[in-house]
Amino acid sequence: MRALERACSLHGVEFQEGSEVEDLTFEKNKITGATVVCATGEIKKINCEKAIICSGAWSKKIFNKIPVFPVKGQMLSIQGPTNFLKRVIFGPKTYLVPRDDGLIIVGATVEKDSKFNQGNTPNGIRQLQEGIRSLLPEAINWPQMEHWWGFRPCTPDLKPILGKSKIENLFIATGHYRNGVLFSAITSNLLLKIVQNKNLKEIEKSFLEKFSLDRFAI
Ligand SMILES: Cc1cc2nc3c(=O)[nH]c(=O)nc-3n(C[C@H](O)[C@H](O)[C@H](O)COP(=O)(O)OP(=O)(O)OC[C@H]3O[C@@H](n4cnc5c(N)ncnc54)[C@H](O)[C@@H]3O)c2cc1C
C-alpha cells in the first residue's frame, strides 16, 4: 500500500485522510462537487469536473441509486512454526493463508445480515476456530495473534457495478464483493479509460454492459 500511495503522489494524487464525503452537489444532470467533513471537523466544499464513486460498502450512503450493501467478514491470525504450511488451504467455509514467518491468516466469515455492525463477535471467532480445527487440527492450540473485520461491498447479483451513471460526469466502481483486491488493477484501468473517454476494446465494452448500473431497475 505504501508503494501505491507513493506512486499516486508522484502522479499528482492528493490524499485527504480522515475526510468524509457527506453530500454530493448537482446542477442539472451534472455533479459539481461534494461537501466534505475533514479529520479536524472542518466542513469544506470541493468542486469537481468529474467524479468516481468508489466508496465500497458505503457507496449507497453517498449515492442512493447504487444498490450496494455490506457483507461483513471476520478474520484472525495464528502464529505457527516457520515453513509449517507452504500453500493456501481452502475449506468449505474457511481458508488458511501462510506467511513466510509462520503467521497464518484465517478467513473469513460471510455475514449477509451484518449491516454495519462493528467488531469481532464470539460467533464469528468460533466459526473461524472450527474452520482451523477441520482444516489443520494441530493448529488449534497455536497462539492467536490478531483479529479484525471488514465490510465487503455486495450487490443483489454479486457482480460489480462499473462505468457511467445517468449523471453525465459521475462514474461508479463498486460492488466487488469478495474480489475487490483481485480486480483492483483491471477496474482502475477500465475506469481510467472511461473517464478519459478513450477507445475501449470489445471485451472491455462487454464488461461495461454486464456490469452497468442500468441492469438494476432503480
Ligand atoms: C474479511 C475480508 C476478506 C477479503 N478477502 C479478499 C481476498 O482475499 N481477495 C479479494 O480480492 N478481495 C477480498 N475481500 C474483498 C475486498 O476487500 C473488497 O472487495 C474491496 O476492499 C473493495 O474495494 P473498494 O475500494 O470498492 O472498497 P473498500 O476497500 O471498502 O474502500 C472503500 C473506501 O471508501 C471509504 N469511504 C466510505 N464512505 C466514504 C465517505 N462518505 N467519504 C469518504 N470515504 C469514504 C472507506 O473508508 C474505504 O476506505 C475481502 C473482504 C473482507 C471483508
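Bear in mind these aren't lab numbers, they're just calculated from the coordinates by the rules spelled out. What you are looking at is a predicted structure, and each value in this text was computed from that prediction instead of being measured. Because the Cβ atoms are built from the backbone with ideal geometry, glycine has one as well, and the counts that use them run over all protein chains shown.
Brief remarks follow.
Residue by residue, here is whether (1) out of contact with any Leu (no Cβ under 8 Å at 6 or more places or on another chain); (2) surrounded by 16 or more Cβ atoms within 10 Å (Cβ to Cβ); (3) more than 25 Å from Met75 (Cα to Cα) holds:
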position: Asn123; (1), (2), (3): yes, no, no
position: Leu135; (1), (2), (3): no, yes, no
position: Trp142; (1), (2), (3): yes, yes, no
position: Pro160; (1), (2), (3): yes, yes, no
position: Ile167; (1), (2), (3): yes, yes, yes
position: Val181; (1), (2), (3): yes, no, no
position: Gln196; (1), (2), (3): yes, no, yes
position: Ser206; (1), (2), (3): yes, no, yes
position: Phe216; (1), (2), (3): yes, no, yes
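- Positions within segment 1-26 being away from the ligand (no atom under 12 Å from the Cβ), surrounded by 11 or more Cβ atoms within 10 Å (Cβ to Cβ) and not in a helix (DSSP H, G or I), in sequence order: Thr25, Phe26
- Counting residues in segment 53-67 that are at negative phi, in a strand (DSSP E or B) and within 11 Å of the ligand (Cβ to nearest atom) gives one or more.
- Enumerated strands (runs of 3 or more DSSP E) restricted to segment 136-212, each holding at least 3 residues that are in contact (Cβ under 8 Å) with a residue 60 or more places away in the chain and in contact with a Ser or Thr (Cβ under 9 Å, 6 or more places away or on another chain): 144-154, 170-174
- Within segment 27-61, considering residues that are among the aliphatic types (A, V, I, L, M) and buried (at least 17 other Cβ atoms within 10 Å of the Cβ), the one farthest from the chain's Cα centre (by Cα): Ile31
- Leading residue by the ranking (farthest from Leu213 (Cα to Cα)) among those in segment 159-171 that are under 13 Å from the mean Cα position of the chain (by Cα) and within 11 Å of the ligand (Cβ to nearest atom): Pro160
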